[in-house]
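*Asks:* Structure below; questions to follow.
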Amino acid sequence: MKNILSIIALSLAVAMSAEAAVVVIGAPGASDISASEAKKAFLGKGASSATVYELEEGNPARSEFHSKVTGKSDSQLKAFWSKQVFTGKGNPPATLSSASAMKSTIAANPNAIGYIDEADLDDTVKVILKP
Amino acid sequence: MHIRHPLHFALKALPLAITAVLLPSQVLADEATEERIAQLEQQVRDLQKQQTASLTDSFTFNGFMSGAYVTADNNSGYLGTSTSADFSEESKLGFQATFSISDQTQAVMQLMMKGENDWDVEAEWAYVSHRFNNGVQIRGGKLRVPLFMYSDYLDVGYAQPFARPPEEVYGAVPFTTYIGGDVSYDVEFDDSTLTIQAFGGESEEDNTDIKNIIGANVMWTDETWTLRAVYGQTTLDGSISRTIKIPSQDPSSGLPIEIDAQLTLLTLDNEKATFSGVGASYDNGQFLAITEWTRSEVDGKYTDVDSGYVTLGYRINAFTPYITAAYYESQDDNERVVVDAQSALIAAIFNGQRTAYSAGLRWDALDNLALKFDVTYANDFGDTSGGFQSNILQQYDDVTVYTVKFDVVF
């Protein structure tokens, strides 16, 4: 029993350390944002002027980002946006197909924020929040 | 004698060595080029996408659809069901077009086709909204009456955890839209939002004018907890009539038949009606709890109702099993004194009580498709019809309804 538990604990630890960290990025001149600002921006709330970009559905970084920042699972997020869309309250952010597309889009717009896996970072963009 | 000079070897080996040295960098260069090309292609695709998007930026189209199979173990009439399979009662198709007139102004139109209305096309939402820089939003046109937590997306089954919002609460008010306007204001806190909304307008249902609707609600949410309170009032003017089946005899054959008769039961002479409700929900991504309680009161003999429900759910990957307990109870039965046949009929129709228990499962089978299974058992009708007009003879004292449903958004 003890063995099984330690195996489970170990594999959990491995799974957690293997999980790459997602980071919120902005253009090189962008200033840092707080976790709650990021949450609001990505749920289309508040009077934020930032243009928000998401990775496409099915991208692991997307699920990780939302579990950390907005606290919503894929299906909850889908249900959330159906509520917003069908009550005319807002539309989901535009999506980009890859980390490199995300970087080039964010780098080109000082007002834009997005997120990528930390492993895909380079100096064209700046990390503005490590959730 | 030919002596192989080491250099000879070296010379022969040179091209090979060069190739061997160059190959990895060549391969690397190719890979880099390919990656660069892939990146550029991606950028072109994204730019094309953005360009196409900018052409259609002003317009967005969305839709949703539900298909339901509902059947009951008797003909008491709960949810309009019967023992025969019914595919149309809760099936619906909706399209929504949103046109952005400017960054802050948009026009929204939602067209619905419902099985229960013979698939006639009706606009559930048709309004123009404008958001001011200070966070105030105004809307005008045809809007949903925001009485319940799920009022705004009543027909979008995908956005609801259960197969349907509990009928005990949601069936207590017979109209869902109004013509008028609302003003709402979002107060943003650090980690939560408080929305204050005031609304006013008018509506119509059958032969009743629902005039001078005015109300307000407040909702606070941090996306895990949601708390809500609402108050509304209106003036009802007109008459309440029901189609009653009267047992009769076929004059030629003498066989028993039923005749449909439209009967005016009550006249409403500018009667005041009020509605109040509170609701709360908790959703941490895994555990889900929702509760609402409402009270509606109408001057005169029309039913005053208290109703409420509690739903608990638990997400296990794509599956969300849930249970619901709900009740509905008319509060003013003593105002409908039975003195003759007419008053007996009025009492039989407007007195009603029941408790309902549901067990269900939501399965997020695909990205935008949820399948739902639900069994709802209602009993505790007391000495009433349970609130079902088709059960005014109190033939049934309980009912079980089975639902299989799919909800899609696109």
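The values are calculated or read from the model by the stated rules, or taken from the named source; none is laboratory data. What you see is a predicted model, and the numbers here were worked out from it, not measured in a lab. Please note: Cβ atoms are built from the backbone with ideal geometry, for glycine as well, and neighbour counts cover all protein chains shown. Areas reflect the complete protein model, heavy atoms only, side chains present, ligands, DNA and RNA absent. Shrake-Rupley method; radii C 1.70, N 1.55, O 1.52, S 1.80 Å.
*Asks:* What does the helix-only formula give at 222 nm for the protein assembly as shown: each DSSP H stretch with n ≥ 4 adding -39500 (n - 2.57), the total divided by the residues, and the result rounded to the nearest 500 deg cm²/dmol?
*Replies:* Values: 8 runs with 122 residues, N = 541.
Estimated from H runs of four or more residues: -7500 deg cm²/dmol.
*Asks:* Please list the non-local residues whose amide H lies under 5 Å from the amide H of B:Leu369, H modeled 1.01 Å from N, same-chain partners needing a gap of 5 or more.
*Replies:* It is none; the list stays empty.
*Asks:* Let me ask something additional. For A:His66, B:His130, give the ranking by accessible area with the largest first, probe 1.4 Å.
*Replies:* Values: A:His66 0, B:His130 55 Å².
Solvent-accessible surface, decreasing: B:His130, A:His66.
*Asks:* Right, next: How far apart, in nm, are the 7 Å Cα→Cβ label points at B:Asp340 and B:Ala97?
*Replies:* In this crude spin-label approximation the distance works out to 5.5 nm.
*Asks:* Enter the buried accessible area of the B/A pair, total of both sides, probe 1.4 Å, in Å² rounded to the nearest 100. Write out the running numbers ahead of the final one.
*Replies:* Details: alone 22610 and 7670 Å², together 27620 Å².
Protein heavy atoms only, the B-A interface buries about 2700 Å².
*Asks:* Given a Förster radius of 60 Å and the C-beta distance between A:Ser34 and B:Glu205 as r, what FRET efficiency does 1/(1 + (r/R0)^6) yield to the nearest 0.05? Show your work: numbers first, answer last.
*Replies:* Numbers: r = 48 Å, r/R0 = 0.80.
Using R0 = 60 Å, I get an efficiency of 0.80.
*Asks:* Then there is this: Mind listing the phi-derived Karplus ³J(HN,Hα) values for region B:352-365, rounded to whole Hz, using 6.51, -1.76 and 1.60 with θ = phi - 60°, and x for any glycine or proline?
*Replies:* So the Karplus estimates, Gly and Pro as x, are x, 8, 6, 10, 10, 10, 10, 10, x, 9, 9, 10, 7, 5 Hz.
*Asks:* Could you provide, to the nearest whole Å², the per residue accessible area of the protein assembly as shown with probe 1.4 Å? Provide the component values of the computation, followed by the final result.
*Replies:* Details: 27620 Å² over 541 residues.
That works out to 51 Å² per residue.
*Asks:* Could you give the C-alpha radius of gyration of chain B expressed as a fraction of 2.2 N^0.38 Å, taking N as the number of residues it contains? List each step's numbers first, then the result.
*Replies:* On the way: Rg = 31.2 Å, N = 410, 2.2 N^0.38 = 21.6 Å.
Normalised by 2.2 N^0.38 Å, the Cα Rg of chain B equals 1.44.
*Asks:* Using alpha carbons only, how many angstrom separate the centre of region B:339-362 from the centre of region B:228-300?
*Replies:* 10 Å
*Asks:* Note down the relative contact order for chain B as a percent, whole number, built from C-alpha pairs under 8 angstrom at least six residues apart. Walk me through the numbers before you get to the answer.
*Replies:* On the way: 951 pairs, mean separation 51.0, N = 410.
Across chain B, relative contact order equals 12 percent.
*Asks:* Non-local amide H neighbours of B:Gly63 (under 5 Å, H modeled in plane, Pro and chain starts lacking H): which ones?
*Replies:* Long-range HN contacts for B:Gly63: B:Gln96, B:Phe410.
*Asks:* Moving on. Can you work out ³J(HN,Hα) from phi for every residue in region B:243-249, in order, using Karplus 6.51 cos²θ - 1.76 cosθ + 1.60 and θ = phi - 60°, giving whole Hz and x for Gly and Pro?
*Replies:* With the stated coefficients, region B:243-249 comes to 8, 10, 8, 9, x, 8, 10 Hz.
*Asks:* So, with a 1.4 angstrom probe, what is the percent of accessible area on region A:17-131 that is carbon and sulfur? Walk me through the numbers on the way to the answer.
*Replies:* Details: 2360 of 4690 Å².
In region A:17-131, the share of accessible area belonging to carbon and sulfur is 50 percent.
*Asks:* Return the distance in nm (one decimal) between the two label points of a simple spin-label model at B:Glu41 and B:Tyr282, each offset 7 Å from Cα along Cα→Cβ.
*Replies:* The answer from the label model is 5.2 nm.
*Asks:* Please report the net charge: other residues with Cβ closer than 12 Å to the Cβ of A:Glu57, K and R +1, D and E -1. List each step's numbers first, then the result.
*Replies:* Values: positive: A:Arg62, A:Lys78; negative: A:Glu54, A:Glu56, A:Asp74, B:Asp367.
Once all neighbours under 12 Å are counted, the net charge is -2.
*Asks:* Under 29 Å between alpha carbons: how many lysine pairs meet that in chain B, if sequence neighbours fewer than 8 apart on the same chain are excluded?
*Replies:* Lysine pairs satisfying the spacing and distance rule in chain B number 19.
*Asks:* Convert each backbone phi in region B:382-387 into a coupling constant with the Karplus relation 6.51 cos²θ - 1.76 cosθ + 1.60 (shift: θ = phi - 60°), then list the ³J(HN,Hα) values in order as whole Hz, x for Gly and Pro.
*Replies:* x, 9, 10, 6, x, x
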